[in-house]
Amino acid sequence: MGRRFAEIAFTERVKEQQRLHGSRHLYERVEHSNDLGDRLGEFEQSFIGERDGFYLASVTESGWPYIQFRGGSKGFLRVLDERTLAFADLRGNKQYISVGNLQHDDRVAMFLMDYPNQSRLKILGHAKVYEGDDEARALVAKLRVPEEKTPPERAIVIQVAGFDWNCPQHITPRYTEEELTRILEPMRKRLESLEAENKRLRGAQSRGEA
């Protein structure tokens with residue numbers, strides 16, 4: 001965890017709870033770290049590029065938290081530089097809750113999950129919506145994934161304020177169809193080999209009986 005994430009997330013009431021439950025001394029050191037943790041390194045950038053979805057939290061005008069899943073082709077969330085993320089926002093159910101929230105408060109939280117490897121990257125940042133003008137159309141064209149059939153409606157750009165990696169505890173491994181296919185590929189090849197061998201042996205036996 002870098003210092004910027006701690007500065008944002010550890011409010012006075014959070015610190016009070018840490019003291020109450022005996023973890024304050026561990027996290028206090030982070031707040032004095034020389035590592036700001038506001039620039040995405042090569043590992044973070046690679047991790048982001050492999051994701052096909054993430055959870056995006058925003059805040060309503062009445063103060064309610066709101067979380068929405070954003071999905072697409074792998075790599076649709078682009079790293080523009082070490083402090084900037086962006087994606088082409090695809091047409092959905094047309095509720096526009098997240099988009100409306102960002103007009104009121106640009107702060108967002110993102111959870112990026114790697115369920116098979118039980119990894120979770122948390123990002124805090126400020127989001128800006130680009131829609132309805134030439135700049136927005138150019139940005140959408142740059143960000144859109146060519147094979148994506150759902151039309152994008154806008155571009156959303158996120159300036160990273162801080163990030164943190166969570167421990168793998170309590171993350172249940174889950175697998176996509178693509179991941180399962182890759183995992184089961186050796187077994188599939190082995191079964192095909194055994195079936196071919198059985199067919200050969202049955203043919204030899206049949207010829208012997210004839």
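The values are calculated or read from the model by the stated rules, or taken from the named source; none is laboratory data. Keep in mind the model is a prediction, meaning the values are calculated, not measured. In this analysis, Cβ positions are derived from the backbone assuming ideal geometry, glycine residues included, and neighbour counts consider all displayed protein chains. Just the protein is used for accessible areas: all its heavy atoms, side chains included, with ligands, DNA and RNA removed. Shrake-Rupley method; radii C 1.70, N 1.55, O 1.52, S 1.80 Å.
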Inset, instruction - Could you tell me whether the range 171-183 includes any residue that is over 19 Å from residue 113 (Cα atoms) and open to solvent by less than 90 Å² (accessible area, probe 1.4 Å)? - result: yes
Inset, instruction - Being among the basic types (Lys, Arg), without any contact (Cβ under 8 Å) to a residue 40 or more places away in the chain and open to solvent by less than 90 Å² (accessible area, probe 1.4 Å) narrows it down to one of 24, 51, so name that one. - result: 24
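Can you name every residue in the range 87-97 that is under 20 Å from the mean Cα position of the chain (by Cα) and under 11 Å from residue 154 (Cβ atoms)? First the steps, then the outcome.
Initially, the range 87-97 is screened for residues under 20 Å from the mean Cα position of the chain (by Cα), giving 87-92, 97.
Result: 87, 88, 89, 90, 91.
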Inset, instruction - Search the range 83-99 for residues that are assigned to a loop (DSSP other than H, G, I, E, B) and pair each with any residue that is not polar (S, T, N, Q) when their beta-carbon atoms are under 8 Å apart and the residues are at least 6 apart or on different chains. - result: 83/38; 83/39; 83/40; 83/160; 91/151; 91/152; 91/153
Inset, instruction - Count, please, the residues in the range 87-144 that happen to be touching a strand residue (DSSP E or B) at 6+ places or on another chain (Cβ under 6 Å), acidic (Asp, Glu) and closer than 19 Å to residue 72 by Cβ. - result: 2
Inset, instruction - Would you confirm whether any residue within the range 145-159 is under 14 Å from the mean Cα position of the chain (by Cα), surrounded by 15 or more Cβ atoms within 10 Å (Cβ to Cβ) and closer than 20 Å to residue 75 by Cα? - result: yes
